[in-house]
Amino acid sequence: MYRKKQMARIIELAHLIHNEPRKWTRPLLAEHFEVNKTTIQRDINLLSEMGIEIVPCRKEGYEMISDFFLPPLNLDFRETLALVTAASFYRGPAGENSETVLNRAIGKITATLPESTRETLNQLVTLNETPYRKVSIVDGKQPFREEIYDAIRERHSVNIVYNSFYSGKKTRHKVSPYGVIFRKNAWYLIGRSETKKEIRTFRINRIESLQTTQREYIIPEDFSIQKYLEKSWDITLGPDTDITIDFTKKIAPLIKEVKWHLSQQITTNDDGSIRFEVTVSGWEEIGWWVLGWGYNARVLQPTELKDWVADTAIKMVEIYQQDS
């Protein structure tokens, strides 16, 4: 976490000095970033080691001796996709200031691309994920991801054989791919199953076979991955469900300091505990999150979630009682 904060700070520091030379003194920078002056000097030394020379101008602020710009790069589609995806992964934890810089960098990378290619990137690039999440061994080997990218770019449907985790069966789908996203340490394909006549989510490593067809399709103009998943807790969708959870005073600060979901509402009780209210599409995924907080969380509604958490907790106790 410290490294992420340091990198975000250094990016913004260089940006401030480059845009407003001789304005930012070390005390001003320390006050701006809420760190001490020694930390600012370490950041400046690190920038110097990277070849970005920053020097003080007497009693005035710092300035860059030489501009630090990269020459034009001749990137192909996959190289551009890799860079934009990596930058998008970093946007979430980088913070608001660095997010502005990253958005500008992404804009420059994509500005010279053909319009059709930019549209494809908008569908392929994940918006809300973080770079420190590791990919499992099976998800690290994605034999069909490149084929899916090509299918989206060319707007050609695919035929897949899919190993469903919930049913335990192999199912066949004719899919019009809308986008690819990274969630919960895995890659997912989101697209319309022409077989089921609805938009579905497929974990890519569970695709057993994939064949690109010559069937063309159109992605709806109003479709976006972010909008499609905005009511989900993670990746799974279901009926809209109002959920209420009470958290103890002990972990209340941990819950309050994170934006867990766009719809969340938090009320602080007189005893320091909090009430967490959220509306999500389906309660199954949030159930596992509740279990992670142990006895510090108590579900009030819906009844289905409350009963499932209680039943799961009883089964956990039974497992450990077998050892005694």
Region 15-50 - residue that is surrounded by fewer than 17 Cβ atoms within 10 Å (Cβ to Cβ) and among the polar types (S, T, N, Q) and, of those, farthest from Ile65 (Cα to Cα): Asn36
Selection from region 52-68 of residues exposed (fewer than 15 other Cβ atoms within 10 Å of the Cβ) and assigned to a loop (DSSP other than H, G, I, E, B) yields Glu53, Cys57, Arg58, Lys59, Glu60, Ile65, Ser66, Asp67, Phe68
By residue number, the members of region 221-235 that are under 10 Å from Ser281 (Cα atoms) and assigned to a loop (DSSP other than H, G, I, E, B) are Glu230, Lys231, Ser232, Trp233, Asp234, Ile235
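Within region 166-185, track down each residue that is closer than 30 Å to Trp260 by Cα and either acidic (Asp, Glu) or crowded, with 19+ Cβ neighbours inside 10 Å (or both). Walk me through it before giving the result.
Taking region 166-185 and keeping what is closer than 30 Å to Trp260 by Cα, we get 166-167, 177-185.
The answer is Pro177, Tyr178, Gly179, Val180, Ile181, Phe182, Arg183.
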Taking region 49-66 as the search range and keeping residues that are within 35 Å of the chain's Cα centre (by Cα) and of a type in the set (Val, Ile, Thr), which one is nearest to Trp24 (Cα to Cα)? Ile54
Positions within region 19-51 being assigned to a loop (DSSP other than H, G, I, E, B), touching a helix residue (DSSP H, G or I) at 6+ places or on another chain (Cβ under 7 Å) and within 15 Å of Gln6 (Cβ to Cβ), in sequence order: Asn36
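Any idea how many residues of region 172-201 are without any contact (Cβ under 8 Å) to a residue 12 or more places away in the chain and in a strand (DSSP E or B)?
Result for region 172-201: 1.
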Does region 236-250 contain any residue that is over 20 Å from Lys184 (Cα atoms) and assigned to a helix (DSSP H, G or I)? no
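Coordinate-derived values only; no laboratory data. Keep in mind that this is a model prediction, so the values were computed, not measured. In this analysis, Cβ positions are derived from the backbone assuming ideal geometry, glycine residues included, and neighbour counts consider all displayed protein chains.
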